[in-house]
Amino acid sequence: MLGMTRREMLAAAGLGAVGLATGGWAGPARAEASAWKDLSRRMRGRLVRPGSPRYAELATPRNLRFAALMPRAVALCADARDVSVAVRWARKTGTPFAIRGGGHNYASASSSDGLIICTRSMASASVDGHRLRAQAGVRNMDLAALLPRGGRGRLLLPGGNCPNVGIVGLTLGGGIGPNAPWAGLTADHLREATMVTAEGDIVTASTRHNADLFWGLRGGAGGNFGIVTDLVYDLVELPVARATTFLLWFDGTDAAADAGVAWQESRRAGGRAISGSWVATSTADGVRGRVRGQALMTEDDARSVLEPLLALQPTSVEIVERTFWETYAWYTAPITDPSFFWDRSLYVERDLPSDAVGDITDVVSRFPRPGSAGGACQVLGWVGGAVNDVSPTATSYVHRGARSIVEVLSGWPGGENSTRWPTRVPGDIRDWVDELWAAVWPHSNGHSYQNFPDPGLQQWAWAYYGKNLDRLTHVKATWDRGDIFTHAQGIPLPGK
Ligand SMILES: Cc1cc2nc3c(=O)[nH]c(=O)nc-3n(C[C@H](O)[C@H](O)[C@H](O)COP(=O)(O)OP(=O)(O)OC[C@H]3O[C@@H](n4cnc5c(N)ncnc54)[C@H](O)[C@@H]3O)c2cc1C
């Protein structure tokens, strides 16, 4: 291992991302206790240690594959000053650390065996005219509560549909959701960010101040340059007061595949006004296809756009016109418990040929554990449209020519290796994922969504950042030359 950086050692050992060093903290117990006390005394917020009632909730990541990597403490910061105190303290004591907001990272980038610097308590947000100010701990659910009222019912920040996802993680990696095809990415609406640097200083970034950093923060993904504490966005005006939601089911492998092809046809007909996804899932009763989404049009118009799907005589059909905010609530995912999963993604620039949809659905039908765990493939149409109106180099989110994101989705109930670190994907599921990946790969551009980080991805830096990678490494060198904000798939320094 001589000559390897710590990041390379972590990756080689399959350990994933763990903030600073993983060696653990060698200091004697009494000195360690006194150092934690010192940090706690300096903070306005709370230091949550194992044994405290909130420890499990704050320390456990959304993906239980990485739950065996638990911190010695969570610094529940009250404000930017607390974040700065925590960064300085971690550097002084040599304590490994990671940054956490909503904890929904797919890998272990917000986990550490040392300190988690957590923004969860910094969760206030306000709307003033078209401006939204949000602290780093705000999650999608907070916006869902704020915008319909505070936004006077006509203003929106386009974002994801999972209530618990943190706004910083979402924005820094791009931020896709049901409204992206007409409104763009969450990152496209960011106007200013405040960040605690590696030195513990507090800086702001916008097109006028620290413009290189501002460019890097809009697509460069979380945990790379510093800790963002506050964000300012421009909200967008809703183009409609009412919209139509649709949910159609198709039973059987062939019916699911036909629906995948027909859905692409409906998307072409609906343009930016329609968004949603096709997913083929392995169930105990065989493959089920589902098409779900929203159309910014009347129910009659939506039925006409969805005609290719309706002609297939779905097993069940639910098409309902609602107010925009009812549509928003309908599309919001339910809050689900942490689980074991491995999700992979590939961008495609064109609709999939019908034989590819057939091949994909066939692989789904061969999922090795139907009914007992999750095996699915989703073609997600939350990209394209307004997302592609922006140049791929205007922000660090490079995937501006995409038509869809194809997701290879796998989950399992745990139990196998679940308390060992690093946890492994069960062999039969890994083989199935490889087969599905091989079916999708030839149709993709090889890019992968940086907000769905994939610990198994080869050439991940190119896949996430493409031609923006080189510039990102220079932003990294400007703001974090010591590479203290690092993880297994962190942006490298130039030449690394
Ligand atoms: C169930 C689920 C649903 C999802 N739905 C969507 C969706 O609809 N659309 C979409 O685009 N994505 C979606 N995602 C992906 C999600 O956007 C990313 O995983 C996002 O990075 C999560 O942010 P977080 O704060 O919740 O996670 P965390 O794990 O807390 O953080 C994610 C990354 O950002 C870093 N980070 C956290 N806070 C800060 C900070 N203040 N400053 C700097 N870095 C920070 C972390 O260190 C980590 O690297 C989903 C993920 C899950 C698990």
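The values are calculated or read from the model by the stated rules, or taken from the named source; none is laboratory data. A quick note: this is a predicted structure, and the numbers were derived from the prediction, not measured. Here the Cβ is made from the backbone with ideal geometry for all residues, glycine too, and neighbour counts use every protein chain on show.
Would you please name the residue that is surrounded by the most Cβ atoms within 10 Å (Cβ to Cβ), looking only at residues in region 141-165 that are under 20 Å from Ala107 (Cβ atoms) and in contact (Cβ under 8 Å) with a residue 60 or more places away in the chain?
Taking the candidates together, the pick is Val165.
Suppose we keep only residues that are away from the ligand (no atom under 15 Å from the Cβ) and small (Gly, Ala, Ser) within region 43-65. Which one would you say is surrounded by the most Cβ atoms within 10 Å (Cβ to Cβ)?
Ser52
Has region 83-97 got at least one residue that is within 8 Å of the ligand (Cβ to nearest atom) and not β-branched (Val, Ile, Thr)?
no
With the condition kept exactly as written, say whether any residue in region 111-132 is within 12 Å of the ligand (Cβ to nearest atom) and under 22 Å from Trp215 (Cα atoms).
No, every residue in region 111-132 fails to be within 12 Å of the ligand (Cβ to nearest atom) and under 22 Å from Trp215 (Cα atoms).
Would you pick out the residues in region 158-176 that are more than 8 Å from the ligand (Cβ to nearest atom) and closer than 18 Å to Trp330 by Cβ?
Once the filter is applied, which keeps residues that are more than 8 Å from the ligand (Cβ to nearest atom) and closer than 18 Å to Trp330 by Cβ, region 158-176 yields Pro158, Pro163.
Restricting to region 66-102, give me the number of residues that are surrounded by fewer than 23 Cβ atoms within 10 Å (Cβ to Cβ) and in a loop (DSSP other than H, G, I, E, B).
9
Tell me the strands (runs of 3 or more DSSP E) entirely within region 226-337 that contain at least 2 residues that are away from the ligand (no atom under 16 Å from the Cβ) and surrounded by 15 or more Cβ atoms within 10 Å (Cβ to Cβ).
In region 226-337, the matching strands (runs of 3 or more DSSP E) lie at 242-251, 274-283, 286-295, 316-323.
Please verify whether Val168 is in contact (Cβ under 8 Å) with a residue 24 or more places away in the chain, crowded, with 21+ Cβ neighbours inside 10 Å and among the hydrophobic types (A, V, I, L, M, F, W, C), treating the condition exactly as stated.
Yes.
Residue by residue, here is whether (1) hydrophobic (A, V, I, L, M, F, W, C); (2) within 17 Å of the chain's Cα centre (by Cα); (3) in a loop (DSSP other than H, G, I, E, B) holds:
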residue: Val364; (1), (2), (3): yes, no, no
residue: Val379; (1), (2), (3): yes, yes, no
residue: Trp382; (1), (2), (3): yes, yes, yes
residue: Thr395; (1), (2), (3): no, no, yes
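Per-residue answers, yes or no, for (1) in contact (Cβ under 8 Å) with a residue 40 or more places away in the chain; (2) in contact with a helix residue (DSSP H, G or I) (Cβ under 6 Å, 6 or more places away or on another chain):
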site	(1), (2)
Ser304	no, no
Thr323	yes, no
Tyr328	yes, no
Asp343	yes, no
Asp351	yes, yes
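So which of Ala488, Ala477, Ala463 is of a type outside the set (Ser, Thr, Tyr), closer than 30 Å to Ser84 by Cα and without any contact (Cβ under 8 Å) to a residue 24 or more places away in the chain?
The match here is Ala477.
Could you list all residues from region 73-113 that are among the basic types (Lys, Arg) and either under 24 Å from Val425 (Cα atoms) or in contact with a strand residue (DSSP E or B) (Cβ under 7 Å, 6 or more places away or on another chain) (or both)?
Arg100
Helices (runs of 4 or more DSSP H) wholly in region 398-496 with at least 2 residues that are among the polar types (S, T, N, Q) and in the same structural domain as Val196 (by TED's automatic domain parsing) - which ones?
Result: empty, no element qualifies.
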